[in-house]
Structure formats: C-alpha cells, structure tokens
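*Asks:* Submitted below is the structure of interest, expressed as structure tokens.
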Amino acid sequence: MAGKIFIYSTLTSSTKYTNGSKGPGDLAKRTGSVLIQGGTNVANKHLVTPRGVVTEVSEDQLKILQGDKSFRRHVDRGFIKVERIKAETIEKGVSDMVQRDPSAPLVPDDFDEEAAAAPKSGRSRGRTAPPPPAKA
C-alpha cells in the first residue's frame with residue numbers, strides 16, 4: 001500500500017496544477033490535475049489566520065504535481081514542500097518555508113513606523129486619487 005504524502009503550502013491562494021498532452025489535431029488534452037489548498041495569511045470565517053496549510057495527496061497525484069512546471073517552481077522558491085511524514089502541527093511543517101507570497105494581504109509590519117503609517121499602496125508610489133465631483 002502506498003504511503004500518504006503531505007504537501008505543505010504557504011501560498012495565499014489555492015492552486016490547481018495540471019498536466020496535459022497533445023490530443024487529436026494537436027489540441028491540448030488534460031491528463032490530470034491536482035488542487036493544492038491555499039489560504040496562508042488570510043483570515044478565515046473563524047478569524048484565524050493560518051501560517052500554512054497542508055493537502056494530502058496520493059502517489060499518482062504526486063506524479064502529476066512533479067510533472068507541472070509551476071509546481072516545481074513553487075517548490076524551488078520555498079512556497080511548497082513535499083513530505084512523507086505529517087508534522088505534529090502545521091506551524092512546525094512550514095517553519096522553514098517562505099512565509100508570505102507577494103499576493104498576501106498587508107500586515108502591520110508592512111507599514112513604516114516613522115512615516116505616519118502609510119501603507120505600501122498606489123498612493124505611496126506617487127499616484128493620487130481622482131478629484132471629488134464638482135457640486136452643482
């Protein structure tokens with residue numbers, strides 16, 4: 001019997017990794033896909049903000065994942081980790097991984113303490129809001 005495989009993720013969004021091949025007439029044909037759960041750094045309906053998530057996959061699903069270029073890139077960059085043994089807690093499982101991806105929401109550490117707590121947004125890059133509508 002094949003063992004369980006645990007995919008740890010610190011990505012903000014869930015990601016579906018898909019393999020394909022050329023079918024009749026050189027049309028793309030999907031040969032398999034696997035959804036890896038996301039949700040790191042985003043508060044859920046219970047106002048809990050997870051530091052990472054884990055998705056259990058089979059050996060066949062792992063082969064699909066390993067054949068996907070985006071999955072391998074996420075592993076290389078430290079957002080995804082493949083383990084054959086489940087960690088005691090998710091926090092321990094993701095402790096050595098990259099903790100935030102660029103799409104993560106802003107947190108208090110993203111604000112400059114000395115500069116009036118302005119967020120890193122369009123306004124801080126020199127953009128301004130449109131003027132208010134003229135009153136008649």
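The values are calculated or read from the model by the stated rules, or taken from the named source; none is laboratory data. It should be emphasised that the depicted structure is a prediction, and the values quoted were computed from it without experimental measurement. Note: ideal-geometry Cβ built from the backbone for every residue, glycine included; neighbour counts use all protein chains shown.
*Asks:* Going by the conditions given, is Leu35 modelled with pLDDT of 90 or more and over 30 Å from Val107 (Cα atoms)? Can you show your working first?
*Replies:* Working: modelled with pLDDT of 90 or more: yes; over 30 Å from Val107 (Cα atoms): no.
No: the conditions fail for Leu35.
*Asks:* Given the criteria more than 30 Å from Asp110 (Cα to Cα) and at pLDDT below 95, does Gly20 qualify?
*Replies:* yes
*Asks:* Moving to a separate point now. Which one of these is over 12 Å from Phe6 (Cα atoms) and over 18 Å from the mean Cα position of the chain (by Cα): Lys29, Lys92?
*Replies:* Lys29
*Asks:* Please go through segment 70-102 and give me each residue that is outside any helix (DSSP H, G or I), among the hydroxyl-bearing types (Ser, Thr, Tyr) and either in contact with a strand residue (DSSP E or B) (Cβ under 7 Å, 6 or more places away or on another chain) or surrounded by 15 or more Cβ atoms within 10 Å (Cβ to Cβ) (or both), ordered by number.
*Replies:* Matches in segment 70-102: none.
*Asks:* Please specify each residue of segment 40-76 satisfying the condition of being under 11 Å from the mean Cα position of the chain (by Cα) and farther than 16 Å from Phe6 by Cβ.
*Replies:* Selection gives Asn41, Val42.
*Asks:* While we're here: Within segment 9-42, track down each residue that is free of Cβ contacts under 8 Å to residues at least 12 places away in the same chain and either among the aliphatic types (A, V, I, L, M) or within 12 Å of Thr55 (Cα to Cα) (or both).
*Replies:* Leu27, Ala28
*Asks:* Inside segment 50-69, can you point out the residues that are exposed (fewer than 13 other Cβ atoms within 10 Å of the Cβ) and either touching a His at 6+ places or on another chain (Cβ under 6 Å) or within 19 Å of Ala104 (Cα to Cα) (or both)?
*Replies:* Passing the criteria: none in range.
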